[in-house]
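Everything on this sheet refers to the single structure shown next.
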Amino acid sequence: MESLLIKGGVPLHGDVVISGAKNAVLPIMAAALLTREPCVIRRVPDLSDVRFMGQILTWLGAEVKMEPGTIRICARKIKGSGDYDLVRKMRGSICIMGPLLGRLRKATVSLPGGCVIGARPINLHLKGFEALGAKIRIERGYVQAQARKLVGAPMFLGGRAGSTVLGTANVMMAATLAEGVTVIESAACEPEIVDLANFLNAMGARIAGAGSPTVTITGVKELHGAEHEVIPDRIEAATYAIAAAVTNGEVTLHGARADHMRAVIDKLNEAGVAVERRGASMTVRRNGRLKAVDVTTLPYAGFPTDVQAQFMALMAVTPGISIITERIFESRFMHVSELTRLGADIEIEGPSAIIKGGKPLSGAPVMASDLRASAALVLAGLAARGTTQVNRVYHLDRGYERMDEKLRKLGARVQRIEES
Ligand code: EPZ
């Protein structure tokens, strides 16, 4: 297994190009299953999760051609049943269920187990499929949705933590080929949902209201092929913005969409970080002393849970006390114990972490546990004195395109090594 070896203490300076959004491209790839015609997806990031989704679509019988930055998918003939054990390996692939149900009226996938950040249930996905007329069967660790026909219906998809992103994506995709009108109340409002709806509408779907809590889908007979450029990754952009702040450098993010990052920019400003927008780029640097601020993660347009760990790394080097409360997942503090190994002073109280920031961090070997926790450990290592070795960096490669290369271009002393 590979690790990242980071010699910290270097302020980052320069330019970084933001890649396409992982959490947009995964459901958009799945959406290509809804038509027998070819689809072309551009600004695709080179991530292991994307390659894995390509394997799953190939497994289902689709033709998948990956070139640098572009994927061509043609799902002329696909199989609707069969064991997709692969879903268990990558939770995000649960979003093949909606397209399979919409296209073939049947979908069987292995139940995506929980993961380190939480139980990750799919009850709301299944509630939406049932509202469309599907019968759900769960046996031997597999879930099957089957429908003689899909009929549009009104439904409420709000759950224990508000909306569900992939649940909204799944039901929206199935509803495009249902008879009649579907109205999803308490739909997820994330930009990735809007991007998916734009792609589906380019395929001939009739979706209105994406990005708002009420999405209306008027079913059509069939969808045709389309081309689409994926939105930039707002979580990657937030991660590099925090890298600039945590190392007291100055970094310009190219291609980032400030209108997708308002909560993050607002919190960075409050914490004493300037974010200057120049057209399609933004330059991030400290604006005087850092200030300790409190954060609570919420569904979009609130502060994203996917930036919680990275922001905690910034608060660890900020003098003062800050409280970070995680409202989306039940155990998304795996990074806390590793950050304390680097000298951070953090205590967990239920859904909140209390950070007594400002003590200097010192490098140490740390273990990545999930995608965003590993990003937080890299950020802390960039700020720490001495050397930090982040092990199990495959977690990072799931969601960050060539992160070590991008950081080296910004002056960071980071190299990828075989774990000793
Ligand atoms: C998406 O996961 C993202 N993944 C996650 O990003 C992100 O953290 C999450 O949305 C929240 O923004 C992809 O898009 C591939 P949810 P998703 O359904 O859709 C509960 C990353 O780091 N819930 O919005 O699976 C659930 O337990 C990843 O890139 C139910 O109760 O998340 C959680 O508490 C991590 N029942 C909350 O809702 C359901 O049926 C939000 O989950 C579904 C979800």
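Coordinate-derived values only; no laboratory data. Predicted model, so just to flag it, every value in this text is computed and none were measured. As a convention, Cβ positions derive from the backbone with ideal geometry for all residues, glycine included, and neighbour counts pool all protein chains shown.
Its convex hull of Cα atoms gives the chain a direction-averaged projected area, equal to a quarter of the hull surface, of 18.2 nm². Note on Glu179 and Gln415: the model spin-label points, each 7 Å out from Cα along the C-beta direction, lie 6.6 nm apart. Measuring between their Cα centroids, the range 270-325 and the range 363-415 lie 19 Å from each other.
Around the amide H of Thr70, modelled in the peptide plane, lie the amide H atoms of Val44, all under 5 Å away and 5 or more residues distant in sequence or on another chain.
Work out the FRET efficiency for His13 and Arg385 from their Cβ-Cβ distance, taking R0 = 25 Å, and round it to the nearest 0.05. Efficiency, from the Cβ-Cβ distance: 0.85. Rounded to the nearest 20 debye, the dipole size of the range 22-229 about its Cα centre is 660 debye, using +1 on the Cβ of Lys and Arg and -1 on the Cβ of Asp and Glu.
Charge dipole of the chain (Cα centre as origin; +1 on each Lys and Arg Cβ, -1 on each Asp and Glu Cβ, all else neutral): 540 debye, rounded to the nearest 20.
Over the C-alpha atoms of the range 22-229, the Rg to Rh ratio, Rh being the Kirkwood estimate, stands at 0.92.
Available extension along the chain between Cys115 and Glu130 is 2.9 nm, counting 0.36 nm per residue and deducting the alpha carbon span. Once backbone amide H atoms are built at 1.01 Å from N, Ala256 has Ile18, Met282 as its partners under 5 Å, excluding neighbours fewer than 5 places away on the same chain. Shown is the FRET efficiency for Thr70 and Ser212, computed with R0 = 25 Å from the Cβ-Cβ distance and rounded to the nearest 0.05: 0.25.
If you take all other residues with their beta carbon under 15 Å from the beta carbon of Arg413, and give Lys and Arg +1 and Asp and Glu -1, the sum is +4. Under 24 Å Cα-Cα from Lys291, which lysines qualify once same-chain neighbours fewer than 8 residues away are excluded? Cross-link targets: Lys267, Lys356, Lys359.
Using the Cβ-Cβ distance between Arg42 and Lys79 with R0 = 30 Å, the FRET efficiency computed as 1/(1 + (r/R0)^6) comes to roughly 0.65.
Here the sum of -39500 (n - 2.57) over DSSP H runs of 4 or more residues, divided by the residues of the chain, equals -9000 deg cm²/dmol at 222 nm, to the nearest 500. The HN-Hα couplings worked out from phi for the range 137-146 by the Karplus form 6.51 cos²θ - 1.76 cosθ + 1.60 (θ = phi - 60°) are 10, 10, 8, 6, x, 10, 10, 10, 10, 9 Hz, whole numbers, x standing for Gly and Pro. Go ahead and collect, in residue order, the members of the range 24-55 whose backbone nitrogen is under 13 Å from a label point 7 Å along the Cα-Cβ direction of Ala280. Taking a point 7 Å out along Cα→Cβ of Ala280, the residues of the range 24-55 whose backbone N falls under 13 Å are 43.
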